[in-house]
Every structure is written in structure tokens, then in C-alpha cells.
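Structure, as C-alpha cells:
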Amino acid sequence: MVKVREAAPVGDDGEVDVAQWLSQLCDQRPHLNPAVLQQTCQWLISTNPHFLNKSLELAETVAGLNMDQASVQAALIYRLVRTNQFGEREFSDVAGAEASDIAHAVASMAGTSLLELSNSALLEKERRDQVENIRGMLAALIDDVRVAVVKLAERVVALRHAKNYEA
């Protein structure tokens, strides 16, 4: 089996060592500001520590694509945005308006599906909804390509976890 990602560093207490993770991430990518990412990670830990591992994995995937600071921060806060735990202003205060906008745009794409998985014909309303979803996705792509990159990275992380899930 091919290993596509190293496990996040773990401290003596068994928890993810965020400082070491940030050090490894930012050593390879000098354009990232470790102090700002540390602040975002600490807020994430204090807000909802259950999202930490997946948030770090998504941020690492986005950073691995040499994306900018705002994209990496958007990846860190995405899970909280997706679950509507806070308002846009709170995310802007923590991660900045640019990262908050990216994360919200990625979340708005969550309902977008280009594939119909069933063989039955779509009802007219469902067909209109599908067209609106595609329009929304294309509008997000036109506004900021970083939204598409973060969304694709999020799907990669989800597929990695689905691969390891056993029912």
C-alpha cells in the first residue's frame, strides 16, 4: 500500500502536537505565517477539538498544493463553517475576511453535484435545483479559483477517510 500522507506528530499526551505540525508545514513553505496559523489552530482547539485532525489534514493538503495563507486558513476553519457553528463575522475575526470568504464559498459548494447517481429521471424541480447548483459552483470558480482547489482537497481528504472506513 502506498502511504500518501504522514501522520500528524503526536505529543507525550497522545494529542496532536500542533506546534510541531506547524513547524514542519511552514519550514517547507516559507510563504506561510506560522504565528497566524497557530492562532487559528488554537481557536479551533478551544472551539471544537473534534475537528482538529481533519482540519489539519485538509490544511496540509491545501498547503501541499502551494496555496496561499488564506487558502490554508480557510482549510483549517472549513469544518466549523460547514457545520454552521459560528457566523461569518466570527470567522473573519479569527482567520481574516479572505479566508472566511473562501471557506464559506467552499461550504456553499457542498450541495453541488454534477453527477446523477440514480437511473430514474429527475423531476422538473430537481432538474432546476441541479442547474442552480451548477450555476453556483461556476460562479464560485469564476470569482476565486482557490475555492475550487480547497473543495477538491476536501474531497480528497474525505475519500481517504472513506477508503479506511469499514462498515
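The values are calculated or read from the model by the stated rules, or taken from the named source; none is laboratory data. None of these values were measured; they are calculated from a predicted model. Glycine gets a Cβ as well: all are built from the backbone with ideal geometry, and neighbour counts include every protein chain shown.
Here are the numbers for this structure:
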item	result
Any hit, the stretch 82-94, residues being modelled with pLDDT of 70 or more, of a type outside the set (F, W, Y), assigned to a loop (DSSP other than H, G, I, E, B) and out of contact with any helix residue (DSSP H, G or I) (no Cβ under 9 Å at 6 or more places or on another chain)	yes
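Yes/no per residue for (1) outside any helix (DSSP H, G or I); (2) under 19 Å from L152 (Cα atoms); (3) modelled with pLDDT of 90 or more:
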position	(1), (2), (3)
M1	yes, no, no
A7	yes, no, no
P30	yes, no, yes
Q42	no, no, yes
